[in-house]
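Please read the structure below before turning to the comments.
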Amino acid sequence: MTGSSPPRTARTRTAPGTGSRTMADLVPRAAERYGPSVALRFKEDGVWKPVSYSALWEAVSEVGRGLLALGLRPGAKVAILAHSRPEWTYAHFGILAAGGVSVSVYQTNSPEECRHVLGHSGAEFVFVEDAEQWEKIAAVRSRLQRLREVIAFDPVPQAPGALTLGELRRRGRTADSAAFETGAAAIEPERPCLIMYTSGTTGAPKGCVLTHGNYRAVVDMIAATGTIVPDDRVYLFLPLAHAFAAVVQFLSLDLGASIAFWEKDPDRIIPNLLEVRPTYFPSVPRIFEKVYARATALVADPERLRKAVETGKRVRALTAAGQEVPEEVRADFDEFDKELYANVRGMFGGGIRQCTSGAAPIAQDILEFFHACGVPVLEAYGLTETATVSTVNSLREFRHRSVGRPLPGVEARIADDGELLLRGGQVFQGYHDDQPSTDQVLDADGWFRTGDLASIDEDGYVFITGRKKDLIITAGGKNIAPARAENALKESAWISQAVLVGDLLPYLVVLITLDQEELDSFAAAHDMTPEEAVRSPETHAAVRREIDRVNAQVGRVEQIKRFAILPRDLTVEAGELTVSFKVRRAQVLINHKEVIQSLYDTPMPG
């Protein structure tokens, strides 16, 4: 192996895993253990190219030594502003191995949002992806007094003298390796590893300080559940600035799995799945919802679709229990497999062992559909403050509708007001430079207040029922958690997003956005433009049917009385979604306040 030698550590551990003490020595330990195996894949010029564990450590070592040559001091903050790609990984682990603290910046952030994160964290260096991200920093650099250097992954034409990642690595090759190795081995688990900024569904993002020990704990906890296993092929489109993707990367590299990065194009996610053929796919609900809508369209008869799902569920339950499948049921199953199940598995590449859905709730019907087809989509739960994952459903133990059981070593309980509380080695140190906010969520005994309403059943499975801050209190005093109705509406192939409204108002209304693929298909079939299709009576009738379906499941006070179809989907750019596609409810209400007002302007009949 070229480059610096992996530093030795005192800790040893049986397989699986690298035996690392911290995230700083994870990559060198992985290189020592997995060497020529593929760590990363990326697509360039139409070809998937591999990066071995040995080559990954070489790149990380060069970046780390290059940062030390620039004057990086232990504990200094270094930010990364880029999409998920191999260079993000090189920079991230280079920062950690050199003794720095990595700071997350979402690639979709505006210049002012970048200024907040870099200024608040005190970042001294920042890696940027390309000219677009460079311009964001250039626009606010005069107000970032502590920022010393900007390092670009790709050349920046408007700044030809800018320091590039390639140049930093060249400097690292000739830098002192002894100091680098000594420093990496000396990092203790209680040292900060990441300052990860929340996606800010409410208020300004806060910097969660997560230690090397937090991540070492959560990686060990998840590994024990079998969520990711050695030699898994992982497909990753989630932003590495998000806590979900960050822990997936730590765990994958610790276990010797390989990560294939997306092509930085949402339209290429499903084609990438076909090419990569992942065995493990972490995602947010929106991707599963889109595949579900596309797959269910393959079966025109709703009754036949229902029978296909029930048959698939029954056969897989019997098989898992080691029981014999009746011959007539097996015959139906084989027929449905040719007609539906195999096609659905093929949409994920045909090799899926498990998918994890996180960051937001997903509808029960969607989970059961994929389970029936042989694509296990299992929910997990966590927050940035808990290094993402605290509860999981596993292939061995899962319960649909729940977010699983607490990880080994995690305690969970329900407060008197219904809020879920968590405690364990995965819970963060606190918010950077914000003790008042820290005191609001962490008590003296180490219990973290999640802000989520939940219940725990007799078998220890956790069920999330809503966010405390999202509770709608109607003018009549009824408390309503909007997630249930919103998720039920999103089961429809027509509906992309649904946002329930009614706080301190006489009745509930909902803002609807339409699935673009469904809308385009409908528009083409009826010789309309998409704009005309949004306004068409047929579209409104289809949405009305979905609302009636949801209303039939709840009491009168929880029924949706009116709806509006927005002319466009919710977007990250408009501030309505986080980068993990969670709805920023407050911003949606601001952006569409006139539409909402119109739904209440006319008195209800009767």
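The values are calculated or read from the model by the stated rules, or taken from the named source; none is laboratory data. Predicted model, so just to flag it, every value in this text is computed and none were measured. Note that each Cβ is placed from the backbone with ideal geometry, even for glycine, and that neighbours are counted across all protein chains shown.
Quick notes on this one:
- Scan the stretch 368-416 for residues that are on the phi > 0 side of the Ramachandran plot and surrounded by fewer than 24 Cβ atoms within 10 Å (Cβ to Cβ) and the total you get is 3.
- Filtering the stretch 344-367 to residues that are at pLDDT below 90, surrounded by 19 or more Cβ atoms within 10 Å (Cβ to Cβ) and not aliphatic (A, V, I, L, M) leaves Gly358, Pro361.
- Put simply, of Ser402, Ser390, Ser437, Ser455 the only residue that is more than 30 Å from Ile366 (Cβ to Cβ), among the hydroxyl-bearing types (Ser, Thr, Tyr) and touching a Phe, Trp or Tyr at 6+ places or on another chain (Cβ under 8 Å) is Ser437.
- Any hit, the stretch 184-206, residues being without any contact (Cβ under 8 Å) to a residue 24 or more places away in the chain and touching a strand residue (DSSP E or B) at 6+ places or on another chain (Cβ under 6 Å): yes
- When Met604 is tested against (1) at pLDDT 85 or above; (2) in a loop (DSSP other than H, G, I, E, B); (3) surrounded by fewer than 13 Cβ atoms within 10 Å (Cβ to Cβ), just one condition goes unmet, and that condition is (1).
Here is a yes/no grid of residues against (1) without any contact (Cβ under 8 Å) to a residue 12 or more places away in the chain; (2) assigned by TED's automatic domain parsing to the domain that holds Ser492; (3) closer than 23 Å to Val588 by Cα:
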| site | (1), (2), (3) |
| --- | --- |
| Val509 | no, yes, yes |
| Phe522 | no, yes, no |
| Pro537 | yes, yes, no |
| Ala541 | yes, yes, no |
| Val550 | no, yes, yes |
| Val554 | no, yes, no |
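- Options Asp220, Asp231, Asp254: the member that is in a helix (DSSP H, G or I), acidic (Asp, Glu) and surrounded by fewer than 24 Cβ atoms within 10 Å (Cβ to Cβ): Asp220
- Selection within the stretch 426-441 - surrounded by 20 or more Cβ atoms within 10 Å (Cβ to Cβ) and farther than 19 Å from Val117 by Cβ: Gln426, Val427
- Residue match in the stretch 257-280 (condition: of a type in the set (Val, Ile, Thr), surrounded by fewer than 21 Cβ atoms within 10 Å (Cβ to Cβ), touching a residue at least 60 places away in the same chain (Cβ under 8 Å) and not in a loop (DSSP other than H, G, I, E, B)): yes
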